[in-house]
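First comes the structure, then the notes that go with it.
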């Protein structure tokens, strides 16, 4: 593990003011999953009661000193606004696209901060006051379209992802968390610093505080007369009732929500206990299985269980068509 550094109370407060928009957060597991080897994120809970833990200055302190690694949520559901926008890119030549976006942001006098990630990078934009998530997303997607930067949410296998990933979230929902900057990534066993400042917490935070922040007036001007691209907006459309999911004939299609237990919504997904993990005593937190809200036919176990394994654990094996 990388040598730990010391964080000061003033630095903690600056970090909270810059990055924390709500008290919900995620934790990256300290130990890799025994099957996939990945360090997954989960919602931390209070021992005994199972109540969700809320982010505190001590949480941020431990993150910056390398004791834990947290994920931060962009949108606050009380007002559908965010303090920052982050562009995540983790594909081949991703850093080239992020640098291109960073350059063209400067044409609008928008400062941004670029940090490396394990497979690519993150480009962060900070806001003078919390601004509507929808307008933030319209601005970035419009810029990406004009520059020809691929967007993963438009249906491509590879491309940028924009945080916040939703225009709005409901009460009790969370959206999608992104690794908090300046901590130690458990899988990579290292910190990823922002370009443009010395590699130290104090220098990094001073650099971030000097960046010019986007005002509400500017964002209104950038997005005037514009809407989300049609392919992005379509993904946020209404969800069909479960009963409407059918196969081409009269037989009702398999819907995994009919077979799993308690679920809750996190971002674009329902999350539930993975039946395959449960068979071998794993997934005690009950959130390994993600089921796409917009189309319940799509589900995935973050621990690596295949669909065949999940269906077999439910006693609903996938039918194999026999070839003549």
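Working from label points 7 Å from Cα in the Cα-to-Cβ sense, the residue 49 to residue 285 distance is 1.9 nm.
With N counted as the residues of the range 1-69, its alpha-carbon radius of gyration over 2.2 N^0.38 Å works out to 1.23.
Residue 210 to residue 309: FRET efficiency via 1/(1 + (r/R0)^6), r the Cβ-Cβ distance, R0 41 Å, to the nearest 0.05? Please report the intermediate quantities before stating the final value.
Working: r = 51 Å, r/R0 = 1.24.
Once the sixth-power term is evaluated, E becomes 0.20.
At a 10 Å Cβ-Cβ cut-off, how would you order 263, 69, fewest neighbours first? Mind dumping the intermediate values first?
Numbers: 263 17, 69 22.
Listed from fewest to most nearby Cβ atoms, that is 263, 69.
For residue 233 and residue 264, the difference between the fully extended length at 0.36 nm per residue and the C-alpha to C-alpha distance is 8.9 nm.
Where in the range 65-96 is the amide nitrogen less than 15 Å from a point lying 7 Å along the Cα-to-Cβ axis of residue 119? Taking a point 7 Å out along Cα→Cβ of residue 119, the residues of the range 65-96 whose backbone N falls under 15 Å are 88-95. Mean residue ellipticity at 222 nm, helices only, the chain: -7000 deg cm²/dmol; runs of at least 4 DSSP H residues each add -39,500 (n - 2.57), and the sum is divided by the number of residues. Looking at the chain, the DSSP beta bridges with both ends there are about 95 percent antiparallel.
Give the shape of the range 59-159 as rounded, prolate or oblate, defined through the alpha-carbon gyration tensor: a ≥ b ≥ c are the square roots of its eigenvalues, a/c under 1.5 means rounded, and otherwise the shape is prolate if a/b is larger than b/c and oblate if not. If you can, show how the numbers build up before the last one.
Working: a/c = 1.65, a/b = 1.21, b/c = 1.36.
Taking the square roots of the gyration eigenvalues as a ≥ b ≥ c, the range 59-159 is oblate.
What shape does the range 9-234 take by its C-alpha gyration tensor, where a ≥ b ≥ c are the square roots of the eigenvalues and a/c under 1.5 counts as rounded, a/b above b/c as prolate, and the rest as oblate?
Note, shape of the range 9-234 comes out rounded.
When 276, 36 are arranged by Cβ crowding within 10 Å, least crowded first, meaning fewest neighbours, the order is 36, 276.
Sort the range 14-54 into rounded, prolate or oblate with this rule: let a ≥ b ≥ c be the square roots of the eigenvalues of the Cα gyration tensor; rounded if a/c is under 1.5, and if a/c is not under 1.5, prolate when a/b is larger than b/c, oblate otherwise. It comes out oblate by the Cα gyration axes. If R0 equals 30 Å, the separation of the Cβ atoms of residue 10 and residue 152 corresponds to a calculated FRET efficiency of about 0.20.
If R0 equals 41 Å, the separation of the Cβ atoms of residue 65 and residue 107 corresponds to a calculated FRET efficiency of about 0.60.
Values in this text are rule-based calculations from the coordinates and carry no lab data. Remember, predicted model here, so these are calculated numbers, not experimental data. Glycine gets a Cβ as well: all are built from the backbone with ideal geometry, and neighbour counts include every protein chain shown.
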